[in-house]
Amino acid sequence: MNLTPEELQTGKENFYAAIGSEYTRRDFLAQSLAAAAVAGGSLGGFYYGYSQADVKDPVRIGVIGTGDEGNVLIGALNPNFLQVKAICDIRPYNVYRAFEGQKIGSERARTVRKGLMNVYGWKTREEADKNVKVYQDWKQLIDEAKDNGIEAIVIGLPFQLHAPVAVYAMEHGLHVLTEKLMSSSIGACKDMIRTAVASDCLLSVGHQRHYNILYANAAETISSGLLGDIHFIRAQWHRGNLPGKDSWQPMMPGDSQLADALRKRTIELERATAPGVKPDPKKIEDLQNQVKEYTAQVADKDVDASKYGYQAHEIPAAYGLPAYQATPLEELIRWRLWKRTGGGLMVELGSHQMDAAGIFVTAMHEKVKGTHEKVKPLAVSAHGARNLFNNDREIDDHLHCIIEFPHPEYDAADPQSALRKIEVAYSAVNGNGFGGYGEEVYGTKGTLMLLKEQEVALFKEADTSAKVEVKKSDELVLDTQASGPSQAAAKGAAALADVSLGYREELEHWAWCIRNRAPENKPRCSGPIGMADAVIALTVNVAVAKQERIEFKKEWFDYTSDETPDDSTPTVKLPA
């Protein structure tokens, strides 16, 4: 599909003009997705106005950081938009997965981390090595980028490295897409934006909900007035993580469990290939892949993490337990557990949902005031605690906060209008995954629920009978798992293009913007928008540390101002 912006807007307006009927009230999401399918194009193109036809030459990129998130981004690549020319990582395990994909773990993990060889159809590692150069020094990759034809960089590193890598890359004329959170300080965020302006490079920040079809449709539903007056949003991310069973505490290369797993798979492989045993090619291939992956994971033991700036940690004795000593290698592998390399629950989880809340509140302002600028919050109160985990980390395992956004009728100068706010209540807990994660948007005419980025439920006021479960719809089957298989619309509608959590669309649109440079063609989560999410997340952490309500200042969200909420200071000067 290659619609003009005018045609795209007209189609959406025609659809939403009829949204008040009972039929569309029940099936609003299914109908809009079916409309995109019938139009014959990808959902990304339909919603976000880009076309593969306008990217005749894939953008050549380097990927710096190929851990869990970096490999998800690799798995979401569309070869028609992007061509990986180099990768950089210091862990053998991450480099292995970058090429081969993940072969152990859950089915979903294997699906979303499918590796470069599967993405580009390379049959052997030797063939892949001819196309992709491997680095351990990110500065060297950037220094040699032009020689290798690289035009842009994807950053999947721990968040304290986002800013230095992004700034260095843009200073070398490379466009940047960085994973969230944008940076570990607001001063560094402002440095990133200022460098992007000075270098005329595109900076995109990986808050994928800006490219998630469910959230795009939810925003349009709110701005259409279907939910009435939005006055409250509730969000949560609850996980069943417990001591000894924590997804943020993966096995270290010297752990006995890892050695046992490798030994077990090796013995099973020897038995499966022993003389006289009827070969099972599929089983043998699976065991071979698992042995190779476990071997790569064990090889991480030889990484000198301190050489790359990672540090040791000493956690004081607590809970009747002795002090805990963490090595630089543990900071590297378990980086989410330390305040220097990870920002805790709000940075890793809550920032996504505060971003979603901002999308919903902005949609409400668009409905009432016709403005499109992302709405900034007014104040935050927050509390954090470590209720479950032992003294083997620095971050909290429970977080609760209330963030106040302005209602469209808010006016700080008027005592009555100053009370008009939209409150967002957020909780993130470990130890009990009841309810999973999602958002609930409360309006005077209805309630909208987004569940695990996979299902949507729409309720009329005081009536829970009108429910939309997208995955079970008779009209349309939709699966938004990242890089998941395509699903088809029923009853004659054309097959849908791949639908993801937004990673694929984010990468495609970034490439399209690079190939179609114009002031109006910029990522949906550009530097200033990504920085707004960083201001919220990092200010929540400040509120937790100070145990006080904090009012946001508009200067914090302005990259031309040196003011920040976290006492950091920008170092990059604005262009004259």
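The values are calculated or read from the model by the stated rules, or taken from the named source; none is laboratory data. For clarity, every value in this text was computed on a predicted model and none was experimentally measured. In this analysis, Cβ positions are derived from the backbone assuming ideal geometry, glycine residues included, and neighbour counts consider all displayed protein chains. Keep in mind that these areas ignore ligands, DNA and RNA; they rest on the heavy atoms of the full protein, side chains included. Shrake-Rupley method; radii C 1.70, N 1.55, O 1.52, S 1.80 Å.
Observations
- Segment 325-426 shape via C-alpha gyration tensor axes, a/c threshold 1.5: prolate
- Backbone phi angles across segment 226-234, fed through the Karplus curve with coefficients 6.51, -1.76 and 1.60 (θ = phi - 60°), yield HN-Hα couplings of 4, 8, x, 8, 6, 10, 7, 10, 10 Hz in residue order; Gly and Pro are listed as x.
- Prolate/oblate/rounded call for segment 56-186, Cα gyration tensor, a/c under 1.5 rounded: oblate
- Distance between the 7 Å Cα→Cβ label points at Asp411 and Asn390: 6.0 nm.
- Taking label positions 7 Å along the Cα-Cβ direction at both Val368 and Glu314, the computed distance is 5.4 nm, reported to one decimal.
- The calculated pair-distance distribution of the chain uses every alpha carbon pair, bins of 10 angstrom beginning at 0, and gives 3, 16, 27, 28, 18, 7, 1, 0, 0 percent.
- Student exercise, the chain dipole from Lys, Arg, Asp, Glu Cβ charges, in Debye to nearest 20: 1060
- What you get for segment 113-191, charging only the Cβ of Lys and Arg (+1) and of Asp and Glu (-1), is a dipole of about 380 debye around the Cα centre.
- Projected label distance in nm at Asn80 and Ala518, using a 7 Å step from Cα toward the beta-carbon: 2.1
- In straight-distance terms, cross-link reach from Lys421 covers every one of the lysines whose alpha-carbon lies under 18 Å from its own, apart from those fewer than eight places away in the same chain; here that gives Lys367, Lys369, Lys374, Lys376, Lys445, Lys553, Lys554.
- Karplus-derived 3J(HN,Hα), 6.51/-1.76/1.60, for each residue of segment 105-114, Hz, glycine and proline x: x, 5, 4, 5, 4, 5, 5, 7, 10, 8
- Carbon plus sulfur fraction of accessible area for the chain, probe 1.4 Å, in percent: 50
- Separation of segment 516-576 and segment 313-364, taken as the distance between their Cα centroids, equals 19 angstrom.
- Per residue, the accessible area of the chain comes to 42 Å² when a 1.4 Å probe rolls over the protein heavy atoms.
- Within the same chain, aspartates and glutamates fewer than 8 places from Lys245 are excluded, and of the rest, those with a Cα less than 19 Å from its Cα are Asp68, Glu107, Asp255, Asp260, Glu330, Glu331, Glu348, Asp392, Glu394, Asp396, Asp397.
- Sequence-distant lysines (8 or more away, or on other chains) whose Cα lies within less than 30 Å of Lys130: Lys56, Lys85, Lys103, Lys114, Lys139, Lys146, Lys282, Lys283, Lys292, Lys301, Lys307
- Near Leu378, the amide H atoms lying under 5 Å from its own belong to Glu404, Phe405; only residues 5 or more places off or on other chains count, and H is placed 1.01 Å from N.
- Accessible-area ranking of Thr273, Thr564, Thr178, largest first, probe 1.4 Å: Thr273, Thr564, Thr178
- Simple rule: put +1 on each Lys or Arg Cβ and -1 on each Asp or Glu Cβ in segment 121-166, find the dipole, and look at Leu141, Gln160, Gly121; the Cα lying farthest toward the positive end is Gly121.
- Its DSSP H runs of at least 4 residues, each contributing -39,500 (n - 2.57), put the calculated 222 nm mean residue ellipticity of the chain at -11000 deg cm²/dmol, to the nearest 500.
- Cβ-based net charge around Ala312, under 10 Å, with every Lys or Arg adding one and every Asp or Glu removing one: -3
- This model, with +1 at the C-beta of Lys and Arg and -1 at the C-beta of Asp and Glu, gives segment 55-159 a dipole about its Cα centre of some 320 debye.
- Couplings 3J(HN,Hα) for segment 141-156, derived from phi with the Karplus relation 6.51 cos²θ - 1.76 cosθ + 1.60 (θ = phi - 60°), are 4, 5, 4, 9, 4, 4, 5, 8, x, 7, 10, 8, 10, 9, 10, x Hz, where x marks Gly and Pro.
- Cα centroid separation, segment 95-172 to segment 193-213: 19 Å.
- Projecting the Cα atoms of Tyr437, Ala196, Gly358 onto the charge dipole of the chain (Cβ charges, centred on the Cα centre) puts Tyr437 farthest toward the positive pole.
- Kyte-Doolittle mean at least 0.0 and Cα axial length at least 15 Å: DSSP H helices in the chain: 22-38, 186-199, 213-224, 527-546
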